[in-house]
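Contents: one structure, followed by commentary.
What follows draws every value from the coordinates through simple rules; no lab data is involved. Please read all numbers here as calculations on a predicted model, not as lab measurements. Cβ atoms come from the backbone with ideal geometry, glycine included; neighbour counts cover every protein chain shown.
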Amino acid sequence: MDESLASFFPHHEVHVGRDLGGRTTTIGAADVAHYEAGTGGVTPHVALAGSAVAAPALLFHSEVYRSLAWYLPNIFGNLHARQEWQLFAPLTVGASVRTRSTVVERYLKRSREYVVNEVLVTDDAGRWLQRSRTHQSFLIEEERRGLVVDREREKRSDRQFATGQGSDEPGESIPPLVRPITIAMCEAFSGPDKSYHTDRAAAQMLGFPDIVVQGMLSVCFVSELMTQAYGAAWQLGGTLDVRLVNVVWVNDVLTAHGKVRATVAEGAKRRLHLDVWCEKADGTIATVGTASVLQ
């Protein structure tokens, strides 16, 4: 850190502009296999020009968590609250990519403090491939007590979220994607270390009654839903902005949905704007927001 910054920010302060580093890596078939083990399904085929083989759009879903230096000290009850993604070009097997992570925002909302980490993925020449923003929420220290979230919380009236999913609502639905979530998936997606995403005892230590499925998993389901419906177009200008509104527990079954709400001209193409959401078998909404794709 530059000397002027070192004197301006307290030691180890999680501040806007804090650089968290990155890495250079080559996308391999093993990375795709690991992704599929974590998401519990085969990645939809995406046709690319020439001999290029597309990797899943959100292959780097947990790059933001490679370093937790951006976490606030009180991790008791911390939750992934919102996820944004912009896709500019496909990830391809065999390609070398670079990642870089930066704290871009920090704010207070009700009884929680939020830190936003932006991850930029580029190719060797510096071309942007994708950019994501992860909003992580932390309890204010004074709020720590007992269970932070129990299974009954999602049944409260203030945890119900409208999606406009009724058959009488306007808009064209795209075919849904259904996935049961197993412990093996959680271990592949969030392991190998034990954490509240893979181990019940670890979850209880942080104020949860059971294994909390990593929020990025439902985000990946929405991305796969879009890939299933739109193929390569999803990685060529797709956008995603979702809130993770109810905790997903191990053994839940999630269904990802999408419904086209509007079509807007964009250059030589048109951009479809969709409502997207994931719901549990009992109808509880877990993830809700918007996506868009060029056609």
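Annotations for the structure displayed:
- Kirkwood-based shape ratio for the stretch 95-136, expressed as Rg/Rh from alpha carbons: 1.17
- The string of couplings for the stretch 128-133 from the Karplus curve (6.51, -1.76, 1.60, θ = phi - 60°) is 6, 9, 6, 9, 10, 10 Hz, one whole number per residue in order, with x for Gly and Pro.
- Loop-located trypsin sites (Lys or Arg not before Pro) in the stretch 177-271 (DSSP state other than H, G, I, E, B) with a sparse environment of at most 16 neighbouring Cβ atoms within 10 Å: 194.
- Backbone amide hydrogens, once placed in the peptide plane, bring residue 130 within less than 5 Å of 88, 121, excluding anything fewer than 5 places away on its chain.
- Debye log10 I(q)/I(0) at q = 0.07, 0.08, 0.14, 0.15 Å⁻¹ for the chain, Cα point scatterers: -0.27, -0.35, -1.11, -1.27
- When only alpha carbons of the stretch 14-100 are considered, Rg and Dmax amount to 15.5, 50 Å.
- The loop-placed GluC sites (Glu not before Pro) in the stretch 72-133, going by DSSP, include none that has at most 14 neighbouring Cβ atoms within 10 Å of its Cβ.
- Per residue of the chain, the DSSP helices (runs of n ≥ 4 H) give a summed -39500 (n - 2.57) that works out to -4500 deg cm²/dmol at 222 nm.
- 10 Å-binned pair-distance histogram of the stretch 187-238 (Cα, whole percent): 25, 33, 22, 18, 2
- The residues packed around residue 83, meaning those with a beta-carbon under 11 Å from its beta-carbon, carry a net charge of +1 if Lys and Arg are +1 and Asp and Glu are -1.
- In this structure the amide hydrogen of residue 250, modeled in the peptide plane, comes within under 5 Å of the amide hydrogens of 211, 213, none closer than 5 places in sequence on its chain.
- Among 223, 111, 190, 51, the ranking by other beta carbons within 10 Å of each residue's beta carbon, starting with the fewest, stands as 51, 111, 190, 223.
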